[in-house]
Amino acid sequence: MNDTLNPGYWTESDLVSAGFPSLGRNIQIARNCTIVGAQNIYVGDDVRIDGPSVLSAASGHIRIGRYVHIGGMCFLAGAGGIDMEDFSGLSQGVRIYSASDDYSGDALTNPTVPRRYLNVTIARVRLGRHSIVGSGTVILPGCDIGEGASIGAMSLVKKSLAPWGIYGGTPARFIRKRSQRLLSLEAELMMREDEDRA
């Protein structure tokens, strides 16, 4: 089979030399990802980031916990800080903005304009443990996605979401409660991982 069109993943030594302040074990980051500000990006164990995604943290930070998957074509703008806790995940094409221009017309917009003419909203975004975000969803600055929250594809998240709910739509709204059975599956996985290390 010909793999000339498959860029593959960076090696461990490539990632170490890139300047990440913290790297866990068993990390796969696609070679066709764009990483801006690696010195502000923290990556935990068992993480996979598919390409061509963009992680931008020239300012702010992006912190990625353990057992996290970021699907292809995602965009994470970390100026205000993005924290993805353990077992959280992004489907393909998710956009997370922790900074956003003022669209009202009261200020100029875009990063080429001097800061004094801008009115940028900068606020941390957090994805709680076991939260999952569907394909094409956009999350705006300041949103706190509660533990176990599930967001359907093509949603717009403009405000924080409570734990263990299923949300969807534009803007995202509560649909129903989400099962917590996955917590027992997590416990089983952790137990087996401890046994394998013993």
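Which one is nearest to residue 65 (Cα to Cα) among residues in segment 18-33 that are in a strand (DSSP E or B) and of a type in the set (S, T, N, Q)? Looking at residues that are in a strand (DSSP E or B) and of a type in the set (S, T, N, Q), I get 22.
Every residue, every condition in (1) under 23 Å from residue 7 (Cα atoms); (2) surrounded by fewer than 20 Cβ atoms within 10 Å (Cβ to Cβ), yes or no:
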| position | (1), (2) |
| --- | --- |
| 47 | yes, no |
| 62 | no, no |
| 73 | yes, yes |
| 77 | no, no |
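Counting the residues of segment 93-114 that are over 11 Å from the mean Cα position of the chain (by Cα) and not in a loop (DSSP other than H, G, I, E, B) gives 3.
Taken together, the criteria exclude residue 117 from residues that are of a type outside the set (Val, Ile, Thr), at pLDDT 95 or above, more than 17 Å from the chain's Cα centre (by Cα) and surrounded by 15 or more Cβ atoms within 10 Å (Cβ to Cβ). The number of residues in segment 72-87 that are closer than 11 Å to residue 42 by Cα and in a loop (DSSP other than H, G, I, E, B) comes to 0. In segment 152-175, the residues that are in contact (Cβ under 8 Å) with a residue 12 or more places away in the chain and of a type in the set (D, E, K, R) reach residues that are loosely packed, with under 14 Cβ neighbours inside 10 Å and in a loop (DSSP other than H, G, I, E, B) with C-beta atoms within less than 6 angstrom, at least six apart or across chains, in these pairs: 158/171.
Is it fair to say residue 66 is part of a loop (DSSP other than H, G, I, E, B), closer than 19 Å to residue 128 by Cα and not polar (S, T, N, Q)? The answer is yes for residue 66.
Tallying residues that are touching a Lys or Arg at 6+ places or on another chain (Cβ under 8 Å) and either among the hydroxyl-bearing types (Ser, Thr, Tyr) or under 11 Å from residue 78 (Cα atoms) (or both) within segment 42-59 yields 1. In this structure, residue 179 does not qualify as touching a residue at least 60 places away in the same chain (Cβ under 8 Å), surrounded by fewer than 19 Cβ atoms within 10 Å (Cβ to Cβ) and in a loop (DSSP other than H, G, I, E, B). Tallying residues that are touching a Gly at 6+ places or on another chain (Cβ under 6 Å) and free of Cβ contacts under 8 Å to residues at least 40 places away in the same chain within segment 15-42 yields 5.
Table: residues versus (1) of a type in the set (S, T, N, Q); (2) over 21 Å from residue 156 (Cα atoms); (3) in contact (Cβ under 8 Å) with a residue 24 or more places away in the chain.
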position: 52; (1), (2), (3): no, yes, no
position: 56; (1), (2), (3): yes, no, no
position: 72; (1), (2), (3): no, no, yes
position: 75; (1), (2), (3): no, no, no
position: 78; (1), (2), (3): no, no, yes
position: 81; (1), (2), (3): no, no, yes
position: 91; (1), (2), (3): yes, no, yes
position: 98; (1), (2), (3): yes, no, yes
position: 103; (1), (2), (3): no, no, no
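Give the residues of segment 145-171 that are within 19 Å of residue 85 (Cβ to Cβ) and hydrophobic (A, V, I, L, M, F, W, C), sorted by residue number. Result: 145, 149, 151, 157, 161, 162, 164, 166.
The values are calculated or read from the model by the stated rules, or taken from the named source; none is laboratory data. All values reported here derive from a predicted model rather than from experimental measurement. Here Cβ is always computed from backbone atoms with ideal geometry, including for glycine, and neighbour counts include all displayed protein chains.
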